Structures are given as C-alpha cells and as structure tokens.
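Just so you know, all these numbers are worked out from the coordinates, no wet-lab data involved. Note that this is a predicted model, so its numbers are computed, not measured. FYI the Cβ positions are ideal-geometry reconstructions off the backbone, even for glycines, and counts take in every protein chain you see.
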Amino acid sequence: MALASRVGKIRPPVIPMVHVSYFGSNNNNGVKGLPDLRDLELILKSATPLVVIESHDEDRVCELVESMAEKSKMPLFKWSITDGLHRLAKGFSPQQFNREPHEMLRYIRSLTRPGIFLLLDFHPYLGDPMHIRLIREIAQRFAEVGHHLIFLSPAFEVPTELTGLVAKLELALPNEMQIETIVRNEAASYMRAQGRKVVTDRKAVQLLVRNLLGLTRVDVTRLARKAICDDGAITPSDIREVMEAKYRLMNASGVLSFEYETARFGKVGGLSKLKEWLSVRQRVFQGEAVGFGLEAPKGVLLLGVQGCGKSLAAKAVAGVWDVPLLRLDFGALYNKYIGETEKNLRDALRTAEVMAPCVLWVDEIEKGLAGGDGDDGVSRRVLGTLLTWMAERKKSVFLVATANDVTGLPPELLRKGRFDEIFFVDLPDEATRALIFQIHLKNRNLQPSRFDLDRLAKASPGFSGAEIEQAIVSSLYASLATSSTISMTHLLEELGKTKPLSVVMKEKIDWLRNWARERTVPAN
C-alpha cells in the first residue's frame, strides 16, 4: 500500500544590527510536525503492518513515533543493533538478549499484545532470508495481533517478499516559516555562545530562507549554522555557498551540473530583443509582481548559427536574474537499462525544482532528443517526460534550450506554448561585430581604443562571435611569436586567412536563416 507523499570567508562590512525581537528565542520549530503525525496516524489506522521512513533526522522521527504511540495508547519499543530492544517507558531498560536481529524478530513474533516497534538502521540485515521470513510472518499476523514495525533508515529498499505489506512515509520538508524559525534558533545559539548578535538584514535572511527550501530539517540546520558561524553574519555572499551545498546534496545522479560561472549581458554582444524580453519578465520571475495575475515565465528556445552566443546568453539569463544555473547533460542522462534514462530525467527535473528559482540550461537539445530505430523508443519516452514536465511544473524553473539544427527537433517541442518564445540568434551585423571585438579585446586586457573597431567589423562579414574571438586569440599567438605587440595588422591578416562557417557551410546556414525568418523572433 502506498501513501501519497509531499514530498574561510572575508568578514563582510557591518550591516545594521538585527533587533533581538527578530532573532528571538522562539523554539517552536515544529519538531513533531502535525502533517507527518497525521500521515503516520492514517497509515496505522489503515491496518498496514510495515512502515518505512527514509530519513537522516533520527531524533525528529523518534519524537514523531513517540507522539503517535502516546496518542494511540500503544506500547512503543525501539531497537538498534547497539542497544537491543528497549521499551520506551519508565522502569524498562534495553534487552541485550534481544540485540541480534533474528532474536528480536522472534521475540516480537511471540508477543500476543499489539505494539509499535521502531527499528533503527535495519536495512543491512535484509539480505538474510530468515529475517525476511520473520518480518513477513509478523506482518501476516497483523489481523490477529496488530503489531506495527516501523523501519527508520537513511535508505531502505523494500524486498519483493514484503511488497504489498509496506507503506512508505515521506516526511514533509520544512516550509518558509519553519526554516526561518530554524535560522532564528541557530542565530540565538550563536548569540549565547559568542556573546554578540548576528549581523544581518531582513533581505539577506529572506534570501537564505528561500534558498534553503527543499531541504530536510537536518540539512537546513547544518547550512544555516555554517552561514552564521563562519563570520557571525548572514549576508548575500552566503547565498552562493548555500546554493552550491544544496546542489551537492540534491544531485546524486550526476546528470545535472552546477554552472559556477554565469555571465552578464554586458559580456554578450547584440541580442538586444532577447535582452529586452528578459528584462520585462525579470520581476515576475523573481516573485516581485504577485497580485498582477501573471504566471512566472517558463522558458525560451534559442535557435541559431553555431558560435553566435546562444550558450553565453543562457549563462547571462542566470547571471542577470541572479539565480543558480543548472546544466542538463543529455549525454549523462542515457542509460542502457530499461526505464533508467527516464528516471534519470525525472530525478534531474525534480532536483531543478528543488533548486528553484533557477535557470535550467539544455545545450544542443536536438542531440538529446534525436531518436533512432535502435533506441527501443527511449528518445520518445524522454521527450514525453520532458513535455509533461514543461506543461505541469509549478516551480520557478526557467528553461533555456539551445539548438543548432532545427531539423533534428521533434515537432512536438516547437508547438506554440511549449516555450514562451522561440528566438533566432543570427550572425552578428556590422555594428554588433564591432561591439564583439570590443568585448573580447577588453577580456584580454587590450585597450579597444588602440584599434579601429569599425574597420575590423567591415573586414569580418559573416563571422560569428566565436570566430571573432578566435581571430583575436590567433593574432595574440602571432604577435607573441614575433615578440611584437598585437596590432591592427595582425588582426586583419588573421581575418583574411579565416573562412567563417557562413562560407564553409553556406547552403545549410542560408537555409536555416530563411526558415527562421518567418517562424521565430530575431534575438537582435
């Protein structure tokens, strides 16, 4: 039976001190957790003999089960391999003779009065057929005796023999109010230990709380404590570290990568219409326009010529909106085992939602969704999983997909409404090429004023941004080889020797530009 689940820093400048009333000694952190207590009560009332709880927060679960036992007036026993079986009531001590798993299970089987038995870290002993049989027999006698076995482990794989007898309880994650209470308690602990208040402001605390959403209480407490104890302050600089730590906790599959280096649109030449579109929607995405009846923007598809800045634009969205950037690697997604690829995608998308608000970047999406007769329908199932998520997601995850080959994109992905907009990133015009030269010269500590940017732009028709950058790099190598300073001559010679992709692949790129002219919005 299944139950629906809910799922060394530089010291910052002094910020106005927080009032004691803000970081008070409120200890109401909801340890017992009414929703969890209600769910556990429903499981027990549904006559389910076996309950599995996967959690690292042992203290919290123990308090939860104790509350449940007290409410139901049933005797509660706790077992661990170190202490044996122990009735949690006055006058009872651990039963060392019931320390071994088989002894403990035989003892429970022999009892004729119902009880609740909390078994800690039993998962290593599930490989013994005798243990499985004893658990099964206890469960099968539930109607006669009424024992409940509650297994608490960080991870617990239910054996096939026990399926149908087990309900899995997933503990509710703390909400914003509960997380803020945890942060307050950690700040109060720091103040008692250090004799001084935590330096912070309201906005920094709100950012910290928002970015701790989606984590368990144990992880929230640990990360909040680290943010406070590192320097006795909560500042915006703590948020990046918190997000990186949160990502490492959530991304067990390795399908997602956390892009530590984002960009600003000042580093992107051109794309003026894309920049304007994103600027208009920034406040809505960041939740600053509540009450206007607007949904958060969902995403854009960037089509275009290779090397024209699609990937850099994806990074810039996250940089300008000041949210984490996650990159979905389709190469790591695929697995030879049936069903695992789709599971990997679902796990990756779930992680992105936990990291929200964030930007999810899928580079060259057409390669990840390109199917074939030999893939047993995996690509179609992956596409279906992605489309369902795109339609149903509620979290602020802004999807930026880039593609070079429109013919490799499935028609379902291009249907109106899948993305908020489809932008075409074309070859840069002359004015944009001059700007790109300026940006890349600055990036290499060269003074753009030393160069005739307009002349360079005229000498590079059909060049992409990546090709302009490479021409500058090659010119630097040439000047270094002759022990001279890079000059206009070096750059013009390099441009003259280069055949851009728009020439080498002229027919294909002309077709793409013609296709996009009536079907997409120009990014520049």
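A few comments on the model shown:
- As a ratio to 2.2 N^0.38 Å, the alpha-carbon radius of gyration computed for segment 55-134 takes the value 1.09.
- Only one residue of M68, V382, A403 has its Cα farthest out toward the positive end of the dipole of the chain, where Lys and Arg carry +1 and Asp and Glu -1 on Cβ, and that residue is M68.
- Rounded if a/c under 1.5, otherwise prolate or oblate - segment 378-426, Cα gyration tensor axes: oblate
- Per residue Cα convex hull volume in Å³ - calculated over the chain: 223 Å³
- Computed over segment 414-512: relative contact order in percent, which uses C-alpha pairs under 8 Å that are six or more apart: 26 percent
- Reachable lysines from K78, criterion Cα separation under 16 angstrom, eight or more residues apart if same chain: K90
- Dipole size of the chain about its Cα centre, with +1 on Lys/Arg Cβ and -1 on Asp/Glu Cβ: approximately 1040 debye, rounded to the nearest 20.
- Computed from point charges on the beta carbon alone (+1 for Lys and Arg, -1 for Asp and Glu), the dipole magnitude for segment 385-515 about its Cα centre is near 300 Debye.
- FRET E, pair E170, E66, Förster distance 25 Å, beta-carbon r, rounded to 0.05: 0.80
- Of all lysines in the structure, the ones whose alpha carbon falls short of 26 Å from that of K298, not counting any fewer than 8 places away in one chain, are K203, K246, K267, K273, K275, K310, K315, K343, K367, K394, K395, K416.
- Prolate/oblate/rounded label for segment 178-220 (Cα gyration tensor, a/c 1.5): oblate
- Average silhouette area of segment 365-524, convex hull of alpha-carbon atoms, in square nanometres: 12.9 nm²
- In plain terms, the bigger the Kirkwood radius, the slower the diffusion; for segment 176-255, with that radius from Cα pairs, at 4 °C and 1.567 mPa s, Stokes-Einstein puts D at 102 µm²/s.
- Span from the segment 162-212 Cα centroid across to the segment 472-524 one, whole angstrom: 52 Å
- Segment 34-169, Rg to Rh (Cα coordinates; Rh as Kirkwood inverse mean 1/r): 0.92
- For A296, no residue has an amide H sitting under 5 Å from its own, ignoring neighbours fewer than 5 places away on the same chain, with H placed 1.01 Å from N.
- The stretch between S189 and R106, if pulled fully straight at 0.36 nm per residue, gains 25.4 nm over its current Cα-Cα span.
- The gain in end-to-end length when the M488 to K458 segment is fully stretched comes to 9.5 nm, 0.36 nm per residue minus the alpha carbon separation.
- In this label model, D128 and Q447 are separated by 8.0 nm, measuring between points 7 Å along each Cα→Cβ vector.
- FRET efficiency for the R210 to K273 pair, using the beta carbon distance and R₀ = 30 Å, is estimated at 0.50.
- Extension gain (nm, one decimal) between K343 and V521, 0.36 nm per residue minus Cα-Cα: 60.7 nm
- Think of each Lys and Arg Cβ as +1 and each Asp and Glu Cβ as -1; about the Cα centre, that makes the dipole of segment 34-169 roughly 620 debye.
- Cα-based shape type of segment 452-504, given that a ≥ b ≥ c are square roots of the gyration tensor eigenvalues and the cut on a/c is 1.5: prolate
- Segment 265-425 - percent relative contact order, Cα under 8 Å, separation 6 or more: 34 percent
- Rounded to the nearest 500, the helix-only mean residue ellipticity at 222 nm of the chain stands at -14000 deg cm²/dmol, with each DSSP H run of n ≥ 4 adding -39,500 (n - 2.57).
- In segment 34-169, Cα pairs under 8 Å separated by at least six residues give a relative contact order of 35 percent.
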